[in-house]
Each structure stands twice: as structure tokens, then as C-alpha cells.
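Working notes for the structure below.
The values are calculated or read from the model by the stated rules, or taken from the named source; none is laboratory data. Keep in mind that this is a model prediction, so the values were computed, not measured. Here the Cβ positions follow ideal geometry from the backbone for every residue, glycine too, while neighbour counts run over all protein chains shown.
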Amino acid sequence: MISLTKSAENAVKSAISASAQPAKGLRIMVEGGGCAGLKYAMGLADEPKPNETVIERGGIKVFVDKNCHPHLAGTTIDFVVALEGSGFTFDNPNAKSGCSCGKSFG
């Protein structure tokens, strides 16, 4: 369903270990908005919500809302370090369109 590159795994593990709040995993969501209609949202989470599926990737628990599965199926998440800035990128085969920021899709 969702894949994390080694770089993304390392970034998430680092964020979990540095978090001031208890965190046991990564929550990934798709929300309405962004310049292309839908946008990715993610953050650290302590426990899954009742409507979430828990996927384990590289020793990291990933919490995904069941309604987001169709939008995220086959997505690979990477963490990229570049001159313009560092951050997570999404390679989503379900995105029919996207925007230049890489955080929004349609």
C-alpha cells in the first residue's frame, strides 16, 4: 500500500526520537485543499484512531485513515535534502494531476 524509502524511514525515526510529545508512529492523511484539489497531511501520532489501519514499514507504524486508502495505494514517500530545502515527497500513482510544490494532487 504505502512505501517509505530508507531516507524517509530515517527522518521519521529521528522525528519520533526528538518529539516532545509521545509518538509511536506516523499518521498520513489526504485532505481536501491545496492548489490541485487534494493535499497530503502527515504528523507524528501516539495511537491509531478507530478508523485507521496500521501498516508497519521499516520498524515504523504508519496510521492511515481507511477513507484515504484509495488515494494512497501504491504511494512511495521519500525524504529529500536539497538546496531549496528538505522535506517529504510523495510519488503517488493515483495522482492524475499535481502542483509544483509536490504537496497537492488531483
* Asked: Among the listed residues 26, 44, which satisfies the condition of being closer than 13 Å to residue 79 by Cβ, surrounded by 14 or more Cβ atoms within 10 Å (Cβ to Cβ), modelled with pLDDT of 95 or more and hydrophobic (A, V, I, L, M, F, W, C)?
  -> 26
* Name every residue in the range 66-92 that is touching a Leu at 6+ places or on another chain (Cβ under 9 Å) and closer than 21 Å to residue 24 by Cβ, in order of residue number. => 77, 79
* Of (1) over 13 Å from the mean Cα position of the chain (by Cα); (2) surrounded by 13 or more Cβ atoms within 10 Å (Cβ to Cβ); (3) small (Gly, Ala, Ser); (4) part of a helix (DSSP H, G or I), residue 8 satisfies all except one. Which? -> (1)
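Can you tell me how many residues within the range 62-97 are part of a loop (DSSP other than H, G, I, E, B) and either more than 19 Å from residue 37 (Cα to Cα) or under 13 Å from the mean Cα position of the chain (by Cα) (or both)? Break it down stepwise before answering.
To start, the set of residues in the range 62-97 that are part of a loop (DSSP other than H, G, I, E, B) comprises 73-74, 83-84, 92-97.
Imposing the further condition that a residue be either more than 19 Å from residue 37 (Cα to Cα) or under 13 Å from the mean Cα position of the chain (by Cα) (or both) reduces the set to 73-74, 83-84, 92.
Qualifying residue count for the region: 5.
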* Structure fact -> For residue 50, the lone unmet condition from (1) more than 18 Å from residue 79 (Cβ to Cβ); (2) in a strand (DSSP E or B) is (2)
* Asked: Between residues in the range 68-80 that are under 17 Å from residue 51 (Cβ atoms) and residues that are in a strand (DSSP E or B), which pairs lie under 7 Å by C-beta distance while being six or more apart or on different chains?
  -> 68/29; 68/30; 71/30; 71/38; 72/2; 72/28; 72/30; 72/64
* Residues in the range 13-51 that are closer than 30 Å to residue 96 by Cα and either among the aliphatic types (A, V, I, L, M) or touching a residue at least 40 places away in the same chain (Cβ under 8 Å) (or both): how many? -> 16
